[in-house]
Amino acid sequence: MTQSDLSHLKIEQPPATLREIVQDKMRAAIIDGHFKPGQRLVERPLCDQLGVSRTVVRETIRYLEAEGLVEILPNRGPIVARMEWNDARQIYDIRRMLETAAAVACAQTVTSDLTRDLQAALATLEQEFDQTTPGALFQASSGFYRVIFLGAGHSVAWEIVQRLNGRISRLRIMTLSATQRARPGLDHMRAISDAIIAGDPNAARAAVAAHLDDAATVAQRLLSLEPPE
């Protein structure tokens with residue numbers, strides 16, 4: 001059998017390592033609110049709950065610290081990081097620049113493939129809005145934005161967003177389905193999708209701005225209600 005005959009055996013995506021699986025589970029537990037802001041993350045119970053060694057738990061905590069989901073306090077150890085409005089405001093500023101540029105670029109070069117992918121991502125998002133799992137909702141919203149960034153050819157910008165993934169995830173879950181919003185988050189994302197598919201960069205820019213303005217207003221209000229440490 002020649003080498004070309006083995007092409008169908010190619011692994012498109014390598015299997016997740018144990019560390020990656022634990023990271024995903026811990027991240028989801030924080031996003032879902034299982035671990036609350038300020039709560040201590042004690043190694044032994046985590047090892048028992050996850051069924052892994054202390055080494056894996058420590059590596060996971062260090063990784064989530066880099067994402068901004070965990071904070072290491074002197075004489076106290078790791079806790080679930082609190083989100084301050086000043087940090088959130090900066091994240092919204094970064095999102096505004098990157099998401100606006102990606103949405104406008106998509107609208108200027110929209111294709112039938114991009115239209116199909118965007119409609120599919122939006123359909124998944126709509127389905128998850130009817131569920132009660134915050135983590136699944138975040139995954140669906142991330143999938144929606146991934147289509148936009150990669151459709152625009154902004155892969156480096158998407159990498160930057162991924163580095164902020166932990167903090168962005170908490171803000172999205174906090175605000176996407178919040179009843180305090182002037183307009184539901186899903187409506188905003190439909191507007192972004194519609195503007196891109198229509199090939200209207202001005203409407204795409206306005207839709208992203210409206211979405212983030214609304215979300216930031218809600219996030220500021222909700223963060224002000226969190227009890228101090």
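The values are calculated or read from the model by the stated rules, or taken from the named source; none is laboratory data. Treat the numbers as computed from the prediction; the structure is a model and nothing was measured. Cβ coordinates were reconstructed from backbone atoms using ideal geometry, including for glycine residues, and neighbour counts include every protein chain displayed. For the accessible areas, the whole protein counts, side chains as well, though only heavy atoms, and no ligand, DNA or RNA atoms are used. Shrake-Rupley method; radii C 1.70, N 1.55, O 1.52, S 1.80 Å.
Would you confirm whether any residue within region 78-88 is closer than 23 Å to Asp187 by Cα and not β-branched (Val, Ile, Thr)? Yes, there is a match, as at least one residue in region 78-88 is closer than 23 Å to Asp187 by Cα and not β-branched (Val, Ile, Thr).
Here Arg27, Arg76 are screened, and the one residue that is within 17 Å of Gln162 (Cα to Cα) and touching a residue at least 24 places away in the same chain (Cβ under 8 Å) is Arg27. Residue under question is Thr115, and the condition is that it be under 19 Å from Glu99 (Cβ atoms) and at pLDDT 95 or above; does it hold? Spelling it out, Thr115 is indeed under 19 Å from Glu99 (Cβ atoms) and at pLDDT 95 or above. Only a single criterion out of (1) among the charged types (D, E, K, R); (2) in contact (Cβ under 8 Å) with a residue 24 or more places away in the chain; (3) out of contact with any helix residue (DSSP H, G or I) (no Cβ under 6 Å at 6 or more places or on another chain); (4) over 20 Å from Asp32 (Cβ atoms) is not satisfied by Glu59, namely (3). Consider region 185-229 and keep the residues that are in a helix (DSSP H, G or I), of a type outside the set (A, V, I, L, M) and in contact with a helix residue (DSSP H, G or I) (Cβ under 6 Å, 6 or more places away or on another chain). The one that is surrounded by the fewest Cβ atoms within 10 Å (Cβ to Cβ) is Gln220. Of the helices (runs of 4 or more DSSP H) lying entirely inside region 50-135, those containing at least 3 residues that are closer than 23 Å to Arg40 by Cβ span 54-67. Scanning region 64-80 for residues that are of a type outside the set (Val, Ile, Thr) and touching an Asp or Glu at 6+ places or on another chain (Cβ under 9 Å) returns Glu65, Gly68, Glu71, Gly77, Pro78. Can you name the residue in region 47-91 that is open to solvent by less than 60 Å² (accessible area, probe 1.4 Å) and at positive phi and is also farthest from the chain's Cα centre (by Cα) among such residues? Only one residue fits best here, namely Gly77.
Residue-by-condition table, conditions (1) on the phi > 0 side of the Ramachandran plot; (2) open to solvent by 50 Å² or more (accessible area, probe 1.4 Å); (3) under 14 Å from the mean Cα position of the chain (by Cα); (4) in contact (Cβ under 8 Å) with a residue 24 or more places away in the chain:
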| site | (1), (2), (3), (4) |
| --- | --- |
| Asp93 | no, yes, no, no |
| Ala101 | no, no, no, yes |
| Ser112 | no, yes, no, no |
| Glu126 | no, yes, no, yes |
| Leu137 | no, no, yes, yes |
| Leu164 | no, no, yes, yes |
